[in-house]
1. Residues that are open to solvent by 40 Å² or more (accessible area, probe 1.4 Å) and among the aliphatic types (A, V, I, L, M): find the strands (runs of 3 or more DSSP E) completely inside the range 64-176 holding 1 or more of those.
2. What pairs come out if I take residues in the range 19-35 that are over 17 Å from residue 90 (Cα atoms) and pair them with residues that are open to solvent by 50 Å² or more (accessible area, probe 1.4 Å) whose C-beta lies under 7 Å away, six or more apart or interchain?
3. Can you tell me which residue in the range 235-273 is farthest from the ligand (Cβ to nearest atom), limited to those that are open to solvent by 70 Å² or more (accessible area, probe 1.4 Å) and under 26 Å from residue 163 (Cβ atoms)?
4. Yes or no: the range 33-49 includes at least one residue that is under 14 Å from residue 275 (Cα atoms), surrounded by 13 or more Cβ atoms within 10 Å (Cβ to Cβ), modelled with pLDDT of 95 or more and not polar (S, T, N, Q).
5. Residues of the range 112-133 being free of Cβ contacts under 8 Å to residues at least 40 places away in the same chain and either over 22 Å from residue 274 (Cα atoms) or of a type in the set (Val, Ile, Thr) (or both), which ones?
6. Taking the range 225-234 as the search range and keeping residues that are over 20 Å from residue 142 (Cα atoms) and crowded, with 22+ Cβ neighbours inside 10 Å, which one is nearest to the chain's Cα centre (by Cα)?
7. Suppose we filter the range 182-223 for residues that are within 23 Å of residue 268 (Cα to Cα), surrounded by 15 or more Cβ atoms within 10 Å (Cβ to Cβ) and away from the ligand (no atom under 14 Å from the Cβ); how many remain?
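The values are calculated or read from the model by the stated rules, or taken from the named source; none is laboratory data. Just so it is clear, the structure is predicted and the values come from calculations on it, not from any experiment. A quick note on method: Cβ atoms are made from the backbone with ideal geometry, for glycine too, and the neighbour counts reach across all protein chains shown. Note: accessible area is taken over every heavy atom of the protein model, side chains too, but ligands, DNA and RNA are not part of it. Shrake-Rupley method; radii C 1.70, N 1.55, O 1.52, S 1.80 Å.
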Amino acid sequence: MTAQIIDGKAIAAKVRSEVKQSVERMKVEDNYTPGLATVLVGEDPASSTYVRSKQRACEELGIRSIGYELPGDISQADLLAVVTELNNDPQINGILVQLPLPKHIDEEAILNAISIEKDVDGFHPVNIGRLAMKGRDPLFIPCTPHGCIVLLDEAGVPIKGAEAVVVGRSNIVGLPVAMLLQKRDATVTICHSRTKDLAEHLRNADIVIAAIGRTEMITGDMLKPGAAVIDVGINQKPDPTAKRGYRLVGDVDYESASEVAGAITPVPGGVGPMTIAMLMKNTLRAAEIALAKQEG
Ligand code: NAP
C-alpha cells in the first residue's frame, strides 16, 4: 500500500484564503480590522523567526499586526503591565506571547493574565479546562492540535468511533489533541515515555498522532495497515548533502510508514503550515467575539 499524502501546505493555504475573505468582509461590512499583538521577549533566534512568520501571515491576510520586542531582562511586573495594556486595547483582538520566556519570568502567571477573549494561542487554563470538559467548548482551540484535526477532516479520515493513539502528552500538543479527538468520539489512548509497549498500542490504531520530538521513531512495522498518521515532530537529521548539514524529519519514519499507512503527513509540509493558519483563524474569531460584544 502506498499512503495518500495529506498535503498540509495546500490545506493551510485553503484555511488562510477563507480567513482572508472573512477579514475583507469584516472591513467592508463592519468597518473593523482584526489586530494581533505579538510579544517577543529577548533575542532567541528561533522565537524571532516564529514571530516574524506570524507577522507576515497577518500582513498577507489583511490582519493588523503589532509587534512588541521587549528586552530579555524585562521584569515580571513590566511584562504583566504590557499584557494588561493589550487586554484593555480595543484594537487588539489576539495576544500572542511567544514562548519560551526567560527563566526569571513566571510563564504561567503571564499566560493566566491574558484576557480569555484574546487568548488566540488557546493556552489559558480556562480554555484548556473547557476543552477537557464534556459539554463545554473552549473559546479558542490551541493551534497545532486544531491543525491536526483539520488535516484528518480534510483527508476524509473518520474520527468518530476510531481507535486513536496519541504519542506524547505535552500541554501544547499531545494532551490537547487527545482531548479534541475524544470530543469527536474517538477512543483515545495516550502514550508517553513510560509506556511499556508502544508498538502494541500502535498496532490497533486507526489514527496515530506523533508528537514526541524523536527522529523517525515510529516505523512502518509498528502501524496498522491503512492507519492515518499525523506527524507533528520536527527534528534535525544530519545530512551532509544538505546546505545546512541537516534536513528536517518527523517523529515517523516516512519511508517505511507510507508503505503501510492509508494516509500520512510529510515533514515538512504537513502539520507545520497548519499552526499559523489556525492562529490566523483564531485571531479572526477573536475579532468576531469583540464585534459581537460591541453590538450586544
Ligand atoms: P515535548 O514537550 O518534549 O513532549 C514530548 C512528549 O513525547 C512527552 O509527552 C514525552 O513523554 C513523549 N516521549 C518522549 N520520548 C518518548 C518515547 N521514547 N516514547 C513515547 N513517548 C515519548 O514536545 P512537544 O512540545 O509536544 O513537541 C513534540 C514534537 O512536535 C517536537 O518535535 C516539536 O518540535 C514538534 N512541534 C511541532 C509543531 C508544529 O507546528 N508542527 C508545534 C509544536 C511542536 P513524557 O511526558 O513521559 O516525558
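1. 64-70
2. Listed by first residue and then by second, the contacts come to 19/281.
3. Checking each candidate, the answer is 259.
4. No: the range 33-49 contains no residue that is under 14 Å from residue 275 (Cα atoms), surrounded by 13 or more Cβ atoms within 10 Å (Cβ to Cβ), modelled with pLDDT of 95 or more and not polar (S, T, N, Q).
5. 112, 113, 114, 115, 116, 125, 126, 129, 130, 133
6. 228
7. Looking only at that region, the number is 4.
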